[in-house]
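Engineer: My questions will all concern the structure given below.
The values are calculated or read from the model by the stated rules, or taken from the named source; none is laboratory data. On a predicted model such as this, the values are computed, not experimentally measured, just so you know. Note that each Cβ is placed from the backbone with ideal geometry, even for glycine, and that neighbours are counted across all protein chains shown.
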Amino acid sequence: MTAFSLNPEQIAWCAELRTLGDERLRPLAEKGEPGRVNRPLVEALGELGLLDRLFAGEGPGDRAGGATSGALGLCLLRESLAYACTEAETALALQGLGAHPVAAYGSARQREQWLAPARAGHSVAAFALSEPGAGSDAAALALRAAPDGPSAWRLTGEKCWISNAPEADFYTVFARTTPGAGARGVTAFLVPADRAGLTGTPLDMLSPHPIGALAFDGVTVTGEDVLGEPDRGFRVAMTTLNRFRPSVGAFAVGMAAAALDATLAHTAQRDAFGGKLKDLQAVAHQVAEMATRTEAARLMVHAAAAAYDRGEPDIAQRAAMAKLLATEAAQYVVDAAVQLHGACALQRGHLLEHLYREVRAPRIYEGASEVQRSIIAKELYSGPSG
């Protein structure tokens, strides 16, 4: 059920994606090692043409169109994959986040050398924005790009909480080229992983996808490595985040829907107090609340994505609202599902044990819930009546 009135093509595509996720991608995900890049899974996403969909219409030669394209198509893709295989969804999203700046701002050479293999699943991309002292406050970046000649810099500093690090093949790195200029003094660079002076270490996180830290010890970059324009890198970062924030909400909706369906099945067949769990009013009302929050989140995500596709001016506010509502709702739904399942949901390998670990991180990454509230408030007060 969806009140967004998806057309038959979109509904059929979502069903196809769930089947692909369950039958083609989940077996590959189960063979992967937690905390490591699953390259066979990334390659399968490329072979199935799913990575291509991340970049349609983002650069020269790319054509967007059709009921399953654009930001809404991305949300349907992420929601459907998340329902069936969160590992596949995460691998797809991380590839998109890391390579989108190349698709949108890269030169012809950068796109040919790095984007083409990323779209095919043959190379792994990463988005390197966060730092030990600058996570949510992206304008406070400290990674220094010191001038080294007329059109070259040396990168010195650290990045932290970087998905796909340290195993990615290339990184979109945001560094400070003009000290004291805040968001106006940041430049985006495409940095190959084998560049001299770049090292990384994996971090052991609650969520099973790969995350690491990067150290830059005088890493040389030149004008050919710049994405967009010098000192305009904050725009590159925000454009990418605004593109993907609603779809983070779609990831959350997919997890919530999976938890809801598991709960409906469990409470309908579980014997308790002379009947089924669903016959208890407290349980039925809880499930109704779970369903309502899931559907409300889905509608806001779809609305934000559709607004992005139409080029409406309030994208930042809509994207923030969608991510905030959906990730908070998913946390509630998954937690309630665990409670209604009881001890069995806490067993390693149970769907809900997996979702319980996965659902926590989206409330933090790509802007924590508190940051989304600040964005929303800023947009509200800057409006006509603000």
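Engineer: When you go through Thr294, Thr263 one by one, which is the residue that is out of contact with any strand residue (DSSP E or B) (no Cβ under 6 Å at 6 or more places or on another chain), of a type in the set (S, T, N, Q) and in contact (Cβ under 8 Å) with a residue 60 or more places away in the chain?
Structural biologist: One residue alone meets the criteria, Thr263.
Table: residues versus (1) within 27 Å of Ala126 (Cβ to Cβ); (2) at pLDDT 95 or above.
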{"site": "Asp314", "(1), (2)": "no, no"}
{"site": "Gln317", "(1), (2)": "no, no"}
{"site": "Leu340", "(1), (2)": "no, yes"}
{"site": "Ile364", "(1), (2)": "yes, no"}
{"site": "Ser382", "(1), (2)": "no, no"}
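Engineer: Could you check, for region 338-361, whether at least one of its residues is aromatic (Phe, Trp, Tyr) and either in contact with a strand residue (DSSP E or B) (Cβ under 7 Å, 6 or more places away or on another chain) or free of Cβ contacts under 8 Å to residues at least 24 places away in the same chain (or both)?
Structural biologist: Looking through region 338-361, at least one residue is aromatic (Phe, Trp, Tyr) and either in contact with a strand residue (DSSP E or B) (Cβ under 7 Å, 6 or more places away or on another chain) or free of Cβ contacts under 8 Å to residues at least 24 places away in the same chain (or both).
Engineer: Search region 213-241 for residues that are without any contact (Cβ under 8 Å) to a residue 60 or more places away in the chain and pair each with any residue that is in a helix (DSSP H, G or I) and surrounded by fewer than 16 Cβ atoms within 10 Å (Cβ to Cβ) when their beta-carbon atoms are under 9 Å apart and the residues are at least 6 apart or on different chains.
Structural biologist: Pairs that qualify, where the first residue is without any contact (Cβ under 8 Å) to a residue 60 or more places away in the chain and the partner is in a helix (DSSP H, G or I) and surrounded by fewer than 16 Cβ atoms within 10 Å (Cβ to Cβ), are Pro230/Gly223; Asp231/Arg184; Arg232/Arg184.
Engineer: Can you name the residue in region 1-24 that is of a type in the set (A, V, I, L, M) and at pLDDT below 90 and, of all such residues, is nearest to Leu72 (Cα to Cα)?
Structural biologist: Top of the filtered list is Leu6.
Engineer: Against the condition in contact (Cβ under 8 Å) with a residue 12 or more places away in the chain, farther than 21 Å from Met255 by Cα and among the charged types (D, E, K, R), how does Arg373 come out, does it pass?
Structural biologist: yes
Engineer: Additional query: Being touching a Pro at 6+ places or on another chain (Cβ under 8 Å) and closer than 30 Å to Arg348 by Cα is the filter here; which residues of region 182-208 pass it?
Structural biologist: Within region 182-208, Gly200, Thr201, Pro202, Pro208 qualify.
Engineer: Counting residues that are closer than 15 Å to Asp225 by Cα and within 18 Å of the chain's Cα centre (by Cα), which strands (runs of 3 or more DSSP E) fully inside region 89-177 reach at least 2?
Structural biologist: On the way: elements: 125-128, 144-147, 152-163, 170-176.
Answer list for region 89-177: 125-128, 170-176.
Engineer: Next question. Quick check on region 53-69. Is at least one of its residues under 25 Å from Asn242 (Cβ atoms), at pLDDT 90 or above and assigned to a loop (DSSP other than H, G, I, E, B)?
Structural biologist: Within region 53-69 (the criterion being under 25 Å from Asn242 (Cβ atoms), at pLDDT 90 or above and assigned to a loop (DSSP other than H, G, I, E, B)), the answer is no, since none of the residues qualifies.
Engineer: Only residues that are modelled with pLDDT under 95 and either within 30 Å of Thr239 (Cβ to Cβ) or among the basic types (Lys, Arg) (or both): list them for region 252-277, please.
Structural biologist: Arg270, Lys276
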